[in-house]
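Have a look at the structure below, then the notes.
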Amino acid sequence: MAEIPLLEINRLKKHFPIRGGLMGGITAEVRAVDDLSFTIARGETLSLVGESGSGKSTVGRTILGLTAPSAGEIWLDGTRIDQLSRRRMRALRQRMQIIFQDPFSSLDPRFSVRESLAEPLDNFGLARGAARAARIHELLDQVQLPHAAADRRPHEFSGGQRQRIAIARALAPRPDLIICDEAVSALDVSVKAQIINLLADIQRNLGLAMLFISHDLAIVEHLTHRIAVMYLGEIVEIGTREAVFAGPRHPYTEALLSAVPMPDPGARHRRIVLSGDIPSPRNPPPGCRFHTRCPYAFDRCRSEAPKLRGPNHHQAACHLDRLPGSA
Ligand code: SF4
């Protein structure tokens, strides 16, 4: 029998109503997430990649119950979680943690590191007394900070060190799944590489599942098992890291990949610069949502929305069988 995925998202939608007019009724809606499906296995990292405005952060917030879905299902380890009461959802939060771009979102500046790390242990009743002290030292070891860091406050650390503390706090309740929402985007290049390596080590050592949300394909290359590319609320390509990097099948992915710097400048195809900004999710283009920016668009693209197709390890939503110029 096939193993149940740790996380399963089925036809998820999140539409935000826009109210207006004299009566304050709903006049339009922002289709932030539109009919999204994917799974994450235990111990697997899936990266959700796309430009700002693609809806990827809304996916993370909806999984965690921070905002309710408009339609669709979210399953964690065989249990449907999108309709749970707040009380049951709060208990489940032990199994799902999030790391934000700004560590101050999860670290109270008035708390010492010890207090910040103790809080989730206390909230979930996980460790007291000497066991709690030992667990805090173990967490600091896992993020490679000295034990002396426990008595300092967040403002005494650099941005990279603060992100290590936020990671330790997310690890405290021993979650099965961590959602990293642009967790390294605000860091300097060298610090970014250190935190990515740390996350990759932690993921491997603890067998964690990870949903890594990023606007930057370059930073997921050494961290992820699979990649899902989002455009205007939809997944346009999904596959293993090897398949997507070796041969993108959607023009949007091709354009994102063409911007990834290569160690050997002659090794990657020409740079594709997309014209214009991502259209508004309030009024997505008909047919293929990417047709207003796609260099290969043809008549059919403007009227018929392509569906994801291809083998399980690599699917794309495009009417083309293969991209011009690809092998
Ligand atoms: Fe471009 Fe058409 Fe493919 Fe959409 S379906 S990505 S517009 S070629």
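The values are calculated or read from the model by the stated rules, or taken from the named source; none is laboratory data. Note that this is a predicted model, so its numbers are computed, not measured. Glycine gets a Cβ as well: all are built from the backbone with ideal geometry, and neighbour counts include every protein chain shown. When the accessible area is computed, the model is the full protein with side chains, heavy atoms only, and any ligands, DNA or RNA have been set aside. Shrake-Rupley method; radii C 1.70, N 1.55, O 1.52, S 1.80 Å.
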Original post:
Is it the case that Tyr252 is at pLDDT 90 or above, more than 19 Å from the chain's Cα centre (by Cα) and either within 16 Å of the ligand (Cβ to nearest atom) or among the aliphatic types (A, V, I, L, M) (or both)?
Top reply: no
Original post:
Taking the stretch 126-157, which residues are under 26 Å from Ser190 (Cα atoms), open to solvent by less than 60 Å² (accessible area, probe 1.4 Å) and in a loop (DSSP other than H, G, I, E, B)?
Top reply: Val143, Leu145, Phe157
Original post:
Do you know which residues across the stretch 204-225 are open to solvent by 10 Å² or more (accessible area, probe 1.4 Å), within 23 Å of Phe38 (Cα to Cα) and part of a helix (DSSP H, G or I)?
Top reply: Arg204, Leu206, Ala218, Ile219
Original post:
What do you reckon, is Ser190 farther than 25 Å from Cys318 by Cα and modelled with pLDDT under 95?
Top reply: yes
Original post:
If a residue has to be near the ligand (Cβ under 8 Å from one of its atoms), open to solvent by 90 Å² or more (accessible area, probe 1.4 Å) and in a loop (DSSP other than H, G, I, E, B) to count, how many in the stretch 282-301 make the cut?
Top reply: 0
Original post:
Of the residues in the stretch 77-120, how many are open to solvent by less than 40 Å² (accessible area, probe 1.4 Å), assigned to a loop (DSSP other than H, G, I, E, B) and polar (S, T, N, Q)?
Top reply: 2
Original post:
Is it true that Glu304 is touching a helix residue (DSSP H, G or I) at 6+ places or on another chain (Cβ under 8 Å), charged (D, E, K, R) and within 16 Å of the ligand (Cβ to nearest atom)?
Top reply: no
Subject >> Residue match in the stretch 20-40 (condition: farther than 23 Å from Asn312 by Cα, under 18 Å from the mean Cα position of the chain (by Cα) and open to solvent by less than 30 Å² (accessible area, probe 1.4 Å)) >> reply: yes
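Counting only residues that are open to solvent by less than 30 Å² (accessible area, probe 1.4 Å), free of Cβ contacts under 8 Å to residues at least 60 places away in the same chain and more than 11 Å from the ligand (Cβ to nearest atom), how many does the stretch 307-327 have? Step through it out loud before you land on a result.
To start, the set of residues in the stretch 307-327 that are open to solvent by less than 30 Å² (accessible area, probe 1.4 Å) comprises 314, 316-319, 323.
Cutting the leftovers down to free of Cβ contacts under 8 Å to residues at least 60 places away in the same chain gives us 319.
Right, trim to more than 11 Å from the ligand (Cβ to nearest atom) and you get none.
Matching residues across the stretch 307-327 total 0.
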